[in-house]
Amino acid sequence: MSVLASIDLNTLGDAFGLGAIYALMAVGIGLVFGVLRLVNFAYGQLIMAGAYTLAYTTSWPVTASIVACFAVVVALSLAMDRLVFRPLRSSSPAVMLVTTFAVSFLLQAVALIIDLRDGTLGEVASAVAPLNQAITVGGVDIRKVTFVAVGVALGALVALALVLARTTIGLHTRAAASDFRTARLLGVRANRVIGFAVVVSGLLAGAVAVLLTVQNPFVQPAFALEDTIVVLVGVVVGGIDRLWTATLGGFAIGFVSVLVNAALPTDQTIFLPSVVYALVIVVLLLRPAGLFAWGRRAAMERV
Amino acid sequence: MRLPFDALTELLGPALLVILVGALATTASASNEGYFLNALVSVSVVVAIYVFVGISGVLSFGQISFVAVGAFAAGVMSVPVESKKGVLTSIFPFLRDHSVGNVPSLLLAAALGGAFAFLVGMPLMRLSGLAAGIATFAVLEITHNVLREWDKIGPGATTLALVPETTGALQATLGALVAIVVAFLYQRSRRGRLLRASREDPAVARSVGVNIHLERLLAFTLSGALAGFAGGLYVHLLGSITTEQVYLELTFLTLAMLVIGGLTSLWGAVIGALAVSGLDSFLSRAEQSGVHVVYTFNLWEGTRLVFLAAIMALVLIVRPSGLTGGREFRLRRIPWRGRWAGASPKPPG
């Protein structure tokens, strides 16, 4: 089959790399959705802020630069929660979502102003660029960042799984995600759980900022915007009600996009978005509660 | 359909407001007129979105696809035949050799928008909640991708220019009025009420025999037709258009207008569109001609967007139910005077 023949190990490596990054973003979005029932459209702007931090600290030692990136992203994530999410906690999903649109535009507009101080659009974050070099594994060139991305994603997911399974705060978070009101009645402190989710989601955004700037060191205000939209779609396709289905959805849409891109004839790759989104529609029609959501929940959303 | 006085005020409030804006547009200077016309076209787009999203309560990110289809259909079909060979070189010969006038192009835009919405809606209207939001968003992405890359049906990634600029004050006002009247008649009709019932409680609505899939499909189609029509008005206002102008930014901006005005009322759709357009116009005037809001920001590009986004977020945080509280325009009886006085209703809480 010509479709399979065009998928080589190189493509598979890229597919796993992008899938891993999208999985991290999906966890960050899914975690906040779990406790707040809020789809955070402005998640990409956290990553954008991290990428700008990396760009502006290029002259620093790499470790310091990465630490600064994490600090800025987590601080911004907490500020977003305090100033925007908290006042909106009792609002309808549509209002929360549209408010995060506004926040997203606000942060992009602010980034544009900061960026344009030097008269040119865009900054270059080159400190972490060496990770983009290829290494040869069994005769195939695979970029180092692919291994780093997959490694970071697996590490972060295992760590998060352990925290959620073994610690008190993890237990509280899971309780809040399944039924916030009952969890509060049983003594789960809302602000602590939400704070935890917001900080973890910020840390993940920081990690994604580092990984994305390795692949694309040119940072501008719309950095990670498209990726965020794709991941949001993937999260809903996978099943946003549970963290693991959301994560798998994020991974799947990254993985599948790279494979479809490789499988399309070269002159047809311009229609890649159409093919991917047509798949999205088909999956949503067949499994409205999510591709990976099994059991009774799967049939609930259907009218 | 009986139209008591209360129902008429529900129509007259938005209609008179739109006529007032149209009248202001005719008195404004040439450089300011564009702001008013833009606001009026925004009203048509937001009312079109309201017909589906507001009345059904199902979030759709896809209505701008129908605006895009309408805009490009009306645009491509109204570029004069003699200029088409130069501008749209790779287009299908049938489209290249025919052109239509202003009004037929608007009707064509509405028909195509409605037909496209009907086709898309048939499968998608089975969905609700976030799945519906994402599926309609996928429609927007596909529409944009095809319009942008397939240069046999339109200009592709280049700008479509030389569209007659027929949307003046009269056409913009009449267009907005048409959208408002259609939306009003639909929401007062039996079908509109059935859909509204399904928004308030799907289970109860179904139990009394409402076919939710059918009602949503009808509203989606009507909304698509109005959106296509608004797209036609838009392209005739701009004179030239690219696919990027009817894509993500317009989707988010118009949805924000609807939610800021008040998601569940026609009055909210009109107020939201006019308030956000007005604010945007004021801010861009302030940015251009030095009406300093805060003087230092005036030097930088893009501050208009900072203020616009910040004020929109603030309004949503302070008044989550929107400026109108999602209620229709009403004249309230003031009992101790025994006569009618105009007032917009107070929001709940």
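For the options A:Leu46, A:Leu107, A:Leu285, a Gaussian network treatment of chain A with springs between C-alpha atoms closer than 10 Å singles out A:Leu285 as fluctuating the most.
Based on the Cα coordinates of the range A:9-224, what is the per residue volume of their convex hull in Å³? Provide the component values of the computation, followed by the final result.
Working: hull volume 27.3 nm³, N = 216.
Taking the convex hull of the Cα positions in the range A:9-224, it is 126 Å³ per residue.
The value of relative contact order for the range B:5-247, using C-alpha pairs under 8 Å at least six residues apart, is 39 percent.
Is any helix in chain B, taking whole DSSP H runs, at least 18 angstrom long along its axis by alpha carbon and on average at least 0.5 on the Kyte-Doolittle scale, and which ones?
On the way: long enough: B:5-27 (32 Å, 1.65); B:30-49 (29 Å, 1.33); B:63-78 (23 Å, 1.62); B:102-124 (33 Å, 1.70); B:129-149 (31 Å, 0.88); B:169-188 (28 Å, 1.51); B:212-238 (38 Å, 1.23); B:248-261 (20 Å, 2.06); B:266-289 (34 Å, 0.74); B:303-318 (22 Å, 2.61).
Flagged H segments are B:5-27, B:30-49, B:63-78, B:102-124, B:129-149, B:169-188, B:212-238, B:248-261, B:266-289, B:303-318.
The H on the amide N of A:Arg143, modeled in the peptide plane, is under 5 Å from the matching H of A:Ile135, each at least 5 residues off or on a different chain.
Over the range B:73-148, the alpha carbon radius of gyration divided by the compact-protein estimate 2.2 N^0.38 Å works out to 1.39.
If I take R0 = 22 Å and measure r between the Cβ atoms of B:Arg190 and A:Ser92 in this structure, what FRET efficiency does the formula 1/(1 + (r/R0)^6) give, to the nearest 0.05?
Efficiency at R0 = 22 Å is approximately 0.25.
If you take the alpha carbon atoms of the range B:5-247 and fit the smallest convex hull around them, that volume is 119 Å³ per residue. With labels modelled as points extended 7 Å from the Cα through the Cβ direction, what inter-label distance (nm, one decimal) is found for B:Ser31 paired with A:Asp8? According to this spin-label approximation, the distance is 6.0 nm.
Using C-alpha pairs under 8 Å with a sequence gap of at least 6, the mean separation divided by the residue count of chain A gives a relative contact order of 34 percent. Size descriptors for the protein assembly as shown (Cα atoms only): Rg and Dmax, in that order, 25.3, 91 Å. Whole-Hz Karplus values for the range A:194-209 come out as 5, x, 4, 4, 5, 5, 4, 5, x, 4, 5, 4, x, 4, 5, 4 Hz, taken residue by residue from phi with 6.51 cos²θ - 1.76 cosθ + 1.60 and θ = phi - 60°; glycine and proline positions read x.
In this rough spin-label picture, where each label sits 7 Å from Cα along the Cβ direction, the B:Gln288-A:Leu171 distance is 6.3 nm.
Along its first, second and third principal axes, ordered by size, the range A:63-161 spans 55, 44, 26 Å in Cα coordinates. Helix content alone sets the calculated 222 nm mean residue ellipticity of chain B: runs of n ≥ 4 DSSP H residues at -39500 (n - 2.57) each, divided across all residues, give -22000 deg cm²/dmol.
What 222 nm value per residue comes from the helices of chain A, counting each DSSP H run with n ≥ 4 as -39,500 (n - 2.57) and dividing by all residues, nearest 500 deg cm²/dmol?
Values: 12 runs with 204 residues, N = 303.
Mean residue ellipticity, 222 nm, calculated: -22500 deg cm²/dmol.
Coordinate-derived values only; no laboratory data. Only a predicted model underlies this, so the values are computations on that prediction, with no experimental measurement involved. Every residue, glycine as well, gets a Cβ built from its backbone with ideal geometry; the counts of neighbours run over all protein chains shown.
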